[in-house]
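Only one structure is covered here, and it is reproduced in the block below.
The values are calculated or read from the model by the stated rules, or taken from the named source; none is laboratory data. Predicted model only: the values in this text are computed from it and were never measured. Virtual Cβ from ideal backbone geometry, glycine too; neighbours counted across all protein chains shown. Please note that ligands, DNA and RNA were not included when accessible areas were found on the heavy atoms of the full protein model with its side chains. Shrake-Rupley method; radii C 1.70, N 1.55, O 1.52, S 1.80 Å.
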Amino acid sequence: MFRIPAFLKRRFVEEDLAEEIRQHMEERGEQLMREEGMSREEAELRARRAFGNATLAAERSREVWQWRTLEEILADVKYAARQMRSSPGFAVTVVLLLGLGIGATTAVFSLVNAVLLKPLPYPDTASLVIPWNIPPAGVDVGGFDVYPWGQNHFRWMEKERATYKYLSAFQGARFNLTGNGDPLTLEGALVTWEFFPALGVKPELGRTFTQQEDTPGNAREVVLSDAVWRSRFGGAASVVGKTIALDGAPYTVVGVMPAGFGFPRASEMPALYDFGAESELWVPMAMPAVTPPYTPSELAFVGRLQRGVSVPQAQAAMNLFAGRIDRAWPVMKGWSQSRVTPMQQQIAGDARRPLLLILGAVGVVLLVVCFNIAGLLLARGIARSREFTLRTALGARRTRLLKQMLVESLLLAFLGGGLGVAVAALGIEAIKRLGPQQLPRLHEVSLDLHVLSFAAALTLLTGIIFGFAPALGATRVDLAGGLKDGGQRQGAGAKQSHLRGLLVVSQMALALVLVFSAGLLVRSFSLLLATDPGFRPEHVLTFSLSLPTSGYSARDAIARFYQKALPQLRAVPGVRALGITEAVPMGGATESTVIRVVGRPAPKKGTSYPIVNYTIGSPELFAAMGTPLLAGREFLDSDTLTAPQVTIVNHAMAEHLWPHESALGKQVIVPSQRVPATVVGVVADVKRTSLREVPEPEMFEPYTQNVWPSMARMQVVIRTQSDPASVIGGMRVALRSLDAGLPMAKVTTLSTLESSASASERFSMLTLGFFGGLALLLAAVGIFGLVSYSVTQQTREIGIRMALGSSRSGVFQIILTRILRLAAVGAALGVVAALGVGRVLSSYLFGVKAYDPVTLCTVVLLLTGASILAGFLPARRAASIDPMTALRAE
């Protein structure tokens with residue numbers, strides 16, 4: 001323990017030791033002068049001889065109280081700092097490169113950490129699952145791999161208490177809040193009473209629902225989000241127990257959830273469901289004990305497993321459950337299968353692979369940075385070869401020199417890491433601003449302790465990576481040869497030349513892989529944007545209408561409202577065409593239904609009736625969306641309940657059901673309707689959720705002939721004559737004249753929806769493109785630096801060649817040939833690796849093959865050209881060397 005205070009006060013201890021040695025020799029000299037009568041000079045000389053080597057004695061004394069290794073490290077750090085001060089340009093270059101590489105990698109990791117690694121804000125997340133209903137094998141339900149549960153499924157499943165401690169059903173809902181300021185549409189959810197216990201989240205104020213409150217006739221309670229509580233009610237605690245008006249009905253506020261809680265969110269759920277971006281309130285579902293078969297439903301389930309039950313065990317139990325339901329309900333056999341998904345996996349969704357891809361890309365950039373710095377350190381180490389030769393001659397061990405160079409590398413790395421943390425902070429802000437808003441948990445990206453730990457570990461690793469090989473090369477000393485020629489030609493050895501070549505090849509290969517990947521995504525995205533979405537988004541405004549159940553619970557009331565509203569809304573100045581629909585393009589999925597084609601026999605055993613997407617629309621809908629009419633006519637105001645039932649189908653449905661004949665005049669029957677609908681029009685395929693989706697068969701029916709309770713929530717689509725924003729004010733005035741408590745919600749443009757739908761692809765493409773360009777630039781700079789230093793080291797060789805008759809063009813050709821040879825090797829290795837990476841990228845591509853030859857050849861030519869440009873100036877400088885000057889310098 002004595003070493004700790006001695007180490008901390010080592011300067012004073014050193015002074016005391018020196019003073020003690022001096023006093024000892026003075027006392028011995030005084031003694032010799034008294035006893036033997038020597039002069040002072042003779043006595044001091046005799047005392048020093050008797051004491052021995054004072055420096056060696058001091059070293060042995062230090063070994064008692066010093067930590068030798070730590071002292072050596074501190075000495076190396078001081079020496080490294082002096083080296084940096086003597087070469088500030090070199091130090092600044094390395095620190096900037098490292099700051100850029102480490103900062104970019106840390107920023108991307110912070111995104112990966114928030115989305116994939118950080119625990120969810122729920123207790124015991126491992127036991128939290130979402131059992132999805134999956135359709136029977138071979139059945140296409142609008143291109144989705146999940147299907148909503150029915151209410152009867154929930155009543156049966158909630159009895160599975162051996163598997164689930166808590167099980168809750170939930171679905172999206174919208175409510176109009178009135179009586180407290182301007183009318184406001186809030187995104188919410190209908191939930192059963194175990195919703196909050198299943199998630200394990202307690203309210204910030206008040207309580208959640210009781211089982212009694214979750215019954216028909218008693219569901220008049222509401223739980224608010226923290227955001228709504230603060231923005232609409234001023235954060236007053238007195239809101240608990242207060243009655244508010246939702247859809248014109250009184251609801252009692254029983255609780256307020258903590259800040260940040262907004263489950264379910266649209267970004268965390270399949271596009272099949274209609275959830276808001278953030279849930280702002282929760283209301284009891286009040287599900288009836290018995291539900292008639294085939295009742296439309298949009299239910300999702302969330303459950304907390306019993307203690308000791310794993311996800312595979314829960315899946316096995318759900319498989320048994322599906323078998324029991326199939327036996328009890330043969331007509332729906334196969335429609336009770338499920339896939340039990342851990343909540344953490346569900347929240348991450350489809351973001352896992354793109355984020356890991358981006359993390360891999362920035363990792364490649366960091367490797368290129370490391371190779372770049374390794375080249376700089378290699379050149380610097382060769383320039384210091386005389387220093388290492390002299391130190392070896394004076395007794396320094398190679399391990400001591402190696403440790404000193406590693407300490408220098410680590411000091412540079414940690415300075416670069418410190419800068420990298422600052423760069424990462426800026427990068428995180430950029431990610432949160434520019435990242436796709438549908439990316440789950442984007443708001444949780446931060447520079448937390450886990451991210452800082454990652455940055456520290458990454459800094460240490462990069463310091464070792466770029467510092468180890470140059471340190472080995474620089475400390476490999478030829479003592480006799482080095483002393484004889486002053487250490488000036490040591491850098492021209494074959495081993496150092498091979499190491500420089502390896503660095504050039506590695507940078508070329510890594511840059512090619514990254515640029516090729518970016519090129520594939522850029523081509524894919526350009527082809528994606530060039531696809532026909534089935535609509536024209538320019539000058540189109542959309543907004544949502546949610547009719548309150550208090551005044552529009554009857555179907556006739558819903559129909560009368562739209563019949564009165566549409567003419568008034570169309571009369572607003574600046575409107576060219578206006579229609580309503582359940583789902584706008586790129587605004588989410590629509591419903592689906594089983595149909596029967598009139599005149600065709602029932603399907604054979606083992607097959608089923610066709611399933612198509614089903615959408616309600618109005619006259620002028622297709623004109624407002626800009627969807628081309630391929631045959632027939634649009635809906636008319638005369639298509640009423642007393643007129644023959646009509647439908648319009650898309651091109652995919654016409655081709656699927658009537659591939660070699662006209663669809664006009666054909667008839668189909670929807671199970672909920674007993675009257676067949678006649679096809680009166682065929683429209684182009686409209687993409688619903690993504691530009692890359694394959695259009696599914698879809699049928700449209702007029703709202704005037706099929707009024708459903710779900711039509712209380714409709715989307716208004718307006719094609720304007722100029723800027724869509726110019727009609728917003730007029731729309732609000734028209735709506736107030738119809739119903740003063742009816743707000744406009746989710747006001748946006750179709751162009752914005754289309755852009756948002758491709759935001760994830762755009763983000764991946766831009767990010768990978770940026771890192772690819774950065775890797776190309778860094779590789780070119782690295783090649784330039786290595787070739788330049790190689791030319792400097794080969795000055796004597798070039799001078800001899802030219803003295804023996806080599807022409808300047810010959811020297812220029814030799815240098816460029818070496819560069820091209822290294823570039824060819826790097827390109828060959830890069831092509832092999834790029835083809836493997838292309839297969840990984842295949843699921844992200846659209847209209848482009850993973851081994852696209854155009855992209856590959858373009859990238860190879862681009863990197864070869866960059867290599868030639870990087871080597872042109874060094875080769876030109878080599879060709880201009882004066883032989884006599886070169887030989888005289890040696």
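Here the range 626-678 is treated as a sphere whose radius is the Kirkwood value from Cα pairs; by Stokes-Einstein at 4 °C and 1.567 mPa s it diffuses with a coefficient of 105 µm²/s.
Which residue, A780, A317, L355, has the largest displacement toward the positive end of the dipole of the chain when charges sit on each Cβ (Lys, Arg +1; Asp, Glu -1)? So the residue furthest toward the plus end is A780.
Assuming charge only on the beta carbon of Lys and Arg (+1) and of Asp and Glu (-1), the dipole of the chain about its Cα centre is about 2040 debye to the nearest 20. Couplings 3J(HN,Hα) for the range 342-351, derived from phi with the Karplus relation 6.51 cos²θ - 1.76 cosθ + 1.60 (θ = phi - 60°), are x, 4, 4, 5, 5, 5, 5, x, 7, 7 Hz, where x marks Gly and Pro.
Computed with a 1.4 Å probe over protein heavy atoms only, the accessible surface of the chain comes to 46 Å² per residue. Beyond 21 Å in Cα-Cα separation lie the following of the pairs K118/K432; K333/K605; K605/K687: K605/K687.
Of the accessible area of the chain, with the probe set at 1.4 angstrom, what percent is carbon plus sulfur? Percent of accessible area from carbon and sulfur atoms in the chain: 60. HN-Hα J couplings of the range 685-699 from phi, Karplus 6.51/-1.76/1.60, θ = phi - 60°, integer Hz, Gly and Pro as x? Karplus values, whole Hz, x for Gly and Pro: 5, 10, 7, 9, 10, 7, 5, 8, 6, 8, x, 9, x, 9, 10.
When only alpha carbons of the range 598-687 are considered, Rg and Dmax amount to 13.7, 43 Å.
Residue ranking by accessible heavy-atom surface, 1.4 Å probe, largest first, among L199, L45 comes out as L45, L199.
Distance from the Cα centroid of the range 97-142 to that of the range 613-651 is 41 Å (rounded to whole angstrom). Applying a DSSP loop filter and a limit of 14 other Cβ atoms within 10 Å to the GluC sites (Glu not before Pro) in the range 599-696 leaves E661.
When shorter helices are ignored and each DSSP H run of at least 4 residues is given -39500 (n - 2.57), the per-residue value for the chain at 222 nm works out to -17000 deg cm²/dmol. Loop sites by DSSP among the chymotrypsin sites (Phe, Trp or Tyr not before Pro) of the chain, restricted to those with at most 13 other Cβ atoms within 10 angstrom, leave 295-890 as the longest stretch without any of them.
Placing R304, R85, R155 in order of accessible area, with the largest value first and a 1.4 Å probe, yields R85, R155, R304. In summary, the helical segments of the chain meeting the span-like criteria, namely a full DSSP H run, a Cα extent along the axis of 20 angstrom or more and a mean Kyte-Doolittle hydropathy of at least 0.0, are 88-112, 311-328, 352-383, 398-434, 449-474, 494-530, 759-793, 808-841, 853-879. Close amide-amide hydrogen proximity is noted between G617 and E701, Y703, each under 5 Å apart and 5 or more residues distant or on a separate chain (H modeled in the peptide plane; Pro and chain starts excluded).
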